[in-house]
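The values are calculated or read from the model by the stated rules, or taken from the named source; none is laboratory data. Values in this document were obtained by computation on a predicted structure and should not be read as measured data. FYI the Cβ positions are ideal-geometry reconstructions off the backbone, even for glycines, and counts take in every protein chain you see. The accessibility values were calculated without ligands, DNA or RNA, using every heavy atom of the protein model including side chains. Shrake-Rupley method; radii C 1.70, N 1.55, O 1.52, S 1.80 Å.
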Amino acid sequence: MGNEQTFIVGRTEAELAQWLKAGFVAAFGEDCRAMIIRVTPATDPAFGDFQCNDAMPLAKTLRKPPRAIAEAAVKAQPLSDALSKVEVAGPGFINLTLNPAWLARQVAEQAALPHAGLPQPGTGKTVVLDYSSPNVAKPMHIGHIRSTIIGNAIDRMYRALGYRVIADNHLGDWGTQFGILINGYRAFVDQARLAESPVEELERIYVQSYAKTKEDPVWLDACRQELVKLQQGDPENLALWKRFIELSIEEFNRIYARLDVSFDLYRGESYYNDKLAGVVKQLETAGLAKESDGATVVFLEEEGLPVCIVRKKDGGFNYATSDLATVQSRVAEFNPDRIVYVTDERQQDHFKQFFTISCKLGNATHLEHVWFGLMRLPEGIFAARQGNVIKLEKLLDEAETRALAIIQASSPEMPEAQQRELAQAIGIGAVKYADLSHDPRTMIVFTWDRALALDGNSGPYLQYAHARICSLLDKHAAQFPGEDCNTADLLLADPGERQLALQLLQFPVAVVRAAESYKPSILAEYLFALSQDYSSFYQRLSVLKAETKEQRLSRARLCALVAGVLREGLGLLGIRTPRRI
RNA sequence: GCGCCUGUAGCUCAAUUGGAUAGAGCAUCAGACUACGAAUCUGAGGGUUGCAGGUUCGAUUCCUGCCAGGCGCGCCA
């Protein structure tokens, strides 16, 4: 799971590798036809543009010094017209330097493709993506942000790669907590507060009612009664339950709108209720489930996993049963190639358990658990009872406030409505980027300054680079009307121009790698590197005042291509790219 | 106790899945704006990659053993 050993390379690397392999075959015979020759970007520009390290491992099988192998392969055929130089260095590295005209053609060809050159490996394939999944009647806090933002980035990347994606928000809308909530609601609801802030009020009710179950057995029993009534379809309880869900979704949607997140489906756990008994029956028939201490369980000792309970002593079903039913339903309805779950790290065992059981029941669809590290505060983990929960809405408000202050200082002449809109794009962009730029598996310690960083390696840095290009291109169009840089020849004489061209070629690779490994951070890191290269280029080389017209048009086109990749790439991360910031 | 994960610059993180001199941002210090937008750029200092072994041309990466931390482990989801 998650450890695909596939090597992802771009068109350019593949073409260079093919040429090199012909050299190996020419030098060492047809046996080399089956071997893997990989070309990767050079680790240091001093070495060239690309490199191949595969001569060294061949020393053993070919029984020759690795450096001699590399040299023989390189000399076995005339130099490719893609290259201006090939060198063997160190123990046997093969360093490749591209012919600038050929590099320019590669860049132009890629730019002509849709989505800035993304391949379409997902054509004809379906992915069900299960993410965000907050619980009904509980406000979203910053613990929910990772699943939502990471999940949404994965969603966007897979769509861009041609997959049909079914984004499903698997709401926590069923379970014992509804007995506690319904009973509490009747006793404690404050209608004014409910109207003011529904989900907050529901949470308050839940907390109060839950506390009472701990000290008052009669109350606890009453809560159980309400749950049973709900499960049996009591109209009043059913209506209350539905109301709780409506109020919650309304509030969630307000936050999703601010985050530019949307789903194809909102199927909560309750959607699969009537299938749960059938799942247990299947497990029993298949000989997988057994009775134990009054419950029905599946033992997974051979897999080294804990026992999985599929039916409780009281006859109720739980998480694993519900997830098994969900898989069956999704497979039947969508026939997906993969189902991907984005949740926090604590659920790893649970997913291993139900993936294993699902497999034993005959499910052949690939199931993937994408987990991320918990978000923590410097003083420790979040806990509602410690009162240290930071609501997601408050985080977003704070982000926009901070961004607005900077905009007001730097662009006081801008109309206020526009300032606010920008503050939204920048503030939310900063929050998203702060999360997406880290490997999902790392545990994040939340601090305001880190989450809302506006300089250095941050969302606004990338947005700034993009906006500056837009401004530059506007000026170019105004100063040189009728001159279209988009068809200009790319002249890549300067190392700064060359570096940008090489970096542009890496965009499709970055997206595919990010998607396949479920790590948007790979794309974020790429975009940051591209922006850094651009800023450096921009500082040193003039576009509008270039020495020749050809050079000016070439550089303007390079800028336009960078802007295009930034727009596309940030779009895949769900980060907006205003023309002016 | 068992299982999963993590340990890299003062701080937050990378390192193209075993490659060349381990790179960025923040912070610190020194520079660059009568501007193709300074939310930027140039440079400097800062490292025994938790510790000890092993595998090989080559290890932050793979293996073993320790140390430290996080998470999980039978009726919550």
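Before moving on, here are some points about what is shown:
- Any hit, region A:470-482, residues being under 26 Å from residue A:518 (Cα atoms) and of a type in the set (Phe, Trp, Tyr): no
- Residue satisfying condition, being under 14 Å from residue A:202 (Cα atoms), in contact with a Ser or Thr (Cβ under 9 Å, 6 or more places away or on another chain) and crowded, with 23+ Cβ neighbours inside 10 Å, within set A:152, A:183, A:135: A:183
- Residue match in region A:21-29 (condition: more than 10 Å from RNA strand B (Cβ to nearest atom) and open to solvent by 80 Å² or more (accessible area, probe 1.4 Å)): no
- Qualifying residue in region A:474-483 (condition: more than 9 Å from RNA strand B (Cβ to nearest atom) and in contact with a strand residue (DSSP E or B) (Cβ under 6 Å, 6 or more places away or on another chain)): no
- Counting residues in region A:225-242 that are among the β-branched types (Val, Ile, Thr) and buried (at least 19 other Cβ atoms within 10 Å of the Cβ) gives zero.
- Filtered residues of region A:308-324 (kept if within 7 Å of RNA strand B (Cβ to nearest atom) and either more than 32 Å from the chain's Cα centre (by Cα) or closer than 16 Å to residue A:171 by Cα (or both)): A:312, A:313, A:314, A:316, A:318, A:319, A:322
- Exclusive hit being open to solvent by 30 Å² or more (accessible area, probe 1.4 Å), in a helix (DSSP H, G or I) and away from RNA strand B (no atom under 11 Å from the Cβ), set A:499, A:551, A:539: A:551
- Considering region A:526-536, and only residues there that are buried (at least 22 other Cβ atoms within 10 Å of the Cβ) and among the hydrophobic types (A, V, I, L, M, F, W, C), the residue that is farthest from the chain's Cα centre (by Cα) turns out to be A:530.
- Checklist (1) more than 16 Å from RNA strand B (Cβ to nearest atom); (2) touching a Gly at 6+ places or on another chain (Cβ under 9 Å); (3) of a type outside the set (Gly, Ala, Ser) applied to residue A:105, failing item: (2)
- Scope region A:76-100; condition in contact with a Ser or Thr (Cβ under 6 Å, 6 or more places away or on another chain) and not hydroxyl-bearing (Ser, Thr, Tyr); matching residues: A:85, A:99
- Of the residues in region A:239-262, at least one is without any contact (Cβ under 8 Å) to a residue 60 or more places away in the chain, of a type in the set (Gly, Ala, Ser) and within 29 Å of residue A:184 (Cα to Cα).
- Matching residues, region A:63-100, being more than 9 Å from RNA strand B (Cβ to nearest atom), open to solvent by 20 Å² or more (accessible area, probe 1.4 Å), more than 30 Å from residue A:497 (Cβ to Cβ) and part of a helix (DSSP H, G or I): A:67, A:68, A:71, A:72, A:75
- So residue A:506, is it closer than 30 Å to residue A:151 by Cα, surrounded by fewer than 23 Cβ atoms within 10 Å (Cβ to Cβ) and touching a Pro at 6+ places or on another chain (Cβ under 7 Å): yes
- Single unsatisfied condition, residue A:406 versus (1) exposed (fewer than 15 other Cβ atoms within 10 Å of the Cβ); (2) out of contact with any helix residue (DSSP H, G or I) (no Cβ under 7 Å at 6 or more places or on another chain): (1)
- Matching entry among A:493, A:514 (being of a type in the set (A, V, I, L, M) and modelled with pLDDT under 95): A:493
- Only one of A:58, A:118, A:113 that is more than 10 Å from RNA strand B (Cβ to nearest atom), surrounded by 18 or more Cβ atoms within 10 Å (Cβ to Cβ) and either within 21 Å of the chain's Cα centre (by Cα) or modelled with pLDDT under 95 (or both): A:118
- Some residue of region A:469-487 being surrounded by fewer than 20 Cβ atoms within 10 Å (Cβ to Cβ) and of a type in the set (Val, Ile, Thr): yes
- Unique residue being more than 16 Å from RNA strand B (Cβ to nearest atom) and either aromatic (Phe, Trp, Tyr) or over 21 Å from residue A:254 (Cβ atoms) (or both) when the list is A:215, A:200: A:215
- Residue within region A:283-300 that is within 16 Å of RNA strand B (Cβ to nearest atom), of a type in the set (Phe, Trp, Tyr) and within 27 Å of the chain's Cα centre (by Cα) present: no
- Meets criteria (part of a loop (DSSP other than H, G, I, E, B) and open to solvent by less than 40 Å² (accessible area, probe 1.4 Å)) for residue A:143: no
- Selected residue (criterion: least open to solvent (accessible area, probe 1.4 Å)) from residues of region A:437-467 that are among the aromatic types (Phe, Trp, Tyr) and within 6 Å of RNA strand B (Cβ to nearest atom): A:461
- Exactly one residue out of A:252, A:244 is assigned to a helix (DSSP H, G or I), aromatic (Phe, Trp, Tyr), under 30 Å from residue A:154 (Cα atoms) and over 25 Å from the mean Cα position of the chain (by Cα): that is A:244.
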